[in-house]
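Q: Have a look at the structure that comes next, please.
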Amino acid sequence: MIAFLRSLRPRQWTKNLVVLAGLVFSTEHLLGNWPAWLAAGGTTLLFCLLSGGVYLMNDLVDADRDRQHPEKSKRPIPSGALPESTARAGLAGLLLGCLLWAWALAPGVFPAALAYFLLNLAYTFWLKRVVLVDVMCIAVSFVLRAQAGVVCLRGVDPGIQMSKWLLICTFLLALFLALAKRRQEIRRFKGDATRMREALADYTPHFIDEMTGIICASTLIAYSIYTVSPETTAKFGTDALVFTIPPVLYGIFRYLYLIHVKELGDNPSEIMLTDRPMQLTLALWVAIVVWAIHLHPGGGAPLPLSP
């Protein structure tokens, strides 16, 4: 059981916090609503388990390749700690349970969860070998999680919608992280990179750096437009979200520093769990967003938790 749980990679589950974006950016004071928290929390846990199932599926498919990797070879399936027959049985039960849970959570969650699973199924068996498409699949999976975090709240607020600008920012930021991971894999494994991941044969650090520069600029521009757009200020009744731009700018610069100077970036989740400046930046960004939308005088007075 311990080996099975390790194969679900709980340390990677921080990526699923993007599901909570719909709750944080809600306009009906859902941040102080227990049913909304239950819906968002349940959906976050659902995607933690669903993404864990995807990791397990990847390990089953790539077991032979992972045995040649200095770190992946220590995972339960490549190392032999988890028999493949047991892993397959557990995977089938986990995926079926997750999809049934998604169906029960809210009508809109099931299509997002199913699309997430099908996308990752295609990624595992085909798309991860296609240059550029592989990283775009990763970015789309983040968008699906963010969208699920919105639709799960429609039982509390039927009119809730997530800004298209925010979905664009989610896509671009996830694309940036995926490309950074590819870059560090190339630099770390050099001639053995293609043995570790086939798509790396079509990437070079210079090519990735050019794309990263474009994506970073696009992310900052898109997010800045989102914070000051008439649609956003009308929706939240305040233009205070503009104060979240400096933390976003610093966070991107900090990540670039970790990639280019500290030679990190091959594990984004590990960076968020260990790099204190990134943790403080994320906490500051969340605090300013909550203040701007839920506590700022222009955005409405704070409300107590409602039943």
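The values are calculated or read from the model by the stated rules, or taken from the named source; none is laboratory data. All values derive from a computational prediction rather than experimental measurement. Note: ideal-geometry Cβ built from the backbone for every residue, glycine included; neighbour counts use all protein chains shown.
Q: For region 152-173, how many residues are free of Cβ contacts under 8 Å to residues at least 40 places away in the same chain and either assigned to a helix (DSSP H, G or I) or under 24 Å from the mean Cα position of the chain (by Cα) (or both)?
A: So the count comes out to 4.
For (1) surrounded by fewer than 22 Cβ atoms within 10 Å (Cβ to Cβ); (2) within 26 Å of residue 167 (Cβ to Cβ); (3) of a type in the set (Asp, Glu), each residue gets a yes or a no:
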residue: 16; (1), (2), (3): no, yes, no
residue: 40; (1), (2), (3): no, yes, no
residue: 49; (1), (2), (3): yes, yes, no
residue: 62; (1), (2), (3): yes, no, yes
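Q: Just checking, which of 238, 219, 232 is outside any helix (DSSP H, G or I) and either over 23 Å from the mean Cα position of the chain (by Cα) or in contact (Cβ under 8 Å) with a residue 40 or more places away in the chain (or both)?
A: Numbers: 219 fails: outside any helix (DSSP H, G or I); 232 fails: outside any helix (DSSP H, G or I).
Result: 238 is the single residue among 238, 219, 232 that is outside any helix (DSSP H, G or I) and either over 23 Å from the mean Cα position of the chain (by Cα) or in contact (Cβ under 8 Å) with a residue 40 or more places away in the chain (or both).
Q: Kindly evaluate residue 180 against the criterion of being touching a Pro at 6+ places or on another chain (Cβ under 8 Å) and crowded, with 18+ Cβ neighbours inside 10 Å. Walk me through it before giving the result.
A: Details: touching a Pro at 6+ places or on another chain (Cβ under 8 Å): yes; crowded, with 18+ Cβ neighbours inside 10 Å: yes.
When the stated conditions are applied, residue 180 passes them.
Q: Still on this structure, I have one more. When you look at residue 212, is it free of Cβ contacts under 8 Å to residues at least 60 places away in the same chain, closer than 29 Å to residue 124 by Cβ and within 19 Å of the chain's Cα centre (by Cα), yes or no? Walk me through how you get there before you give the answer.
A: Details: free of Cβ contacts under 8 Å to residues at least 60 places away in the same chain: yes; closer than 29 Å to residue 124 by Cβ: yes; within 19 Å of the chain's Cα centre (by Cα): yes.
Answer is yes for this residue.
Q: Further, regarding this structure: Quick check on region 176-189. Is at least one of its residues among the aliphatic types (A, V, I, L, M) and in contact (Cβ under 8 Å) with a residue 60 or more places away in the chain?
A: Taking region 176-189 and keeping what is among the aliphatic types (A, V, I, L, M), we get 177-180, 186.
Keeping just the survivors that are in contact (Cβ under 8 Å) with a residue 60 or more places away in the chain gives 177, 180.
Taking every residue of region 176-189 in turn, at least one turns out to be among the aliphatic types (A, V, I, L, M) and in contact (Cβ under 8 Å) with a residue 60 or more places away in the chain.
Q: Answer with yes or no whether residue 135 is without any contact (Cβ under 8 Å) to a residue 60 or more places away in the chain and either buried (at least 22 other Cβ atoms within 10 Å of the Cβ) or among the aromatic types (Phe, Trp, Tyr) (or both).
A: Numbers: without any contact (Cβ under 8 Å) to a residue 60 or more places away in the chain: yes; either buried (at least 22 other Cβ atoms within 10 Å of the Cβ) or among the aromatic types (Phe, Trp, Tyr) (or both): yes.
Yes: the conditions hold for residue 135.
Q: Please tell me if residue 237 is in the same structural domain as residue 168 (by TED's automatic domain parsing) and within 30 Å of residue 189 (Cα to Cα).
A: Working: in the same structural domain as residue 168 (by TED's automatic domain parsing): yes; within 30 Å of residue 189 (Cα to Cα): no.
Taking the combined requirement at face value, the residue does not satisfy it.
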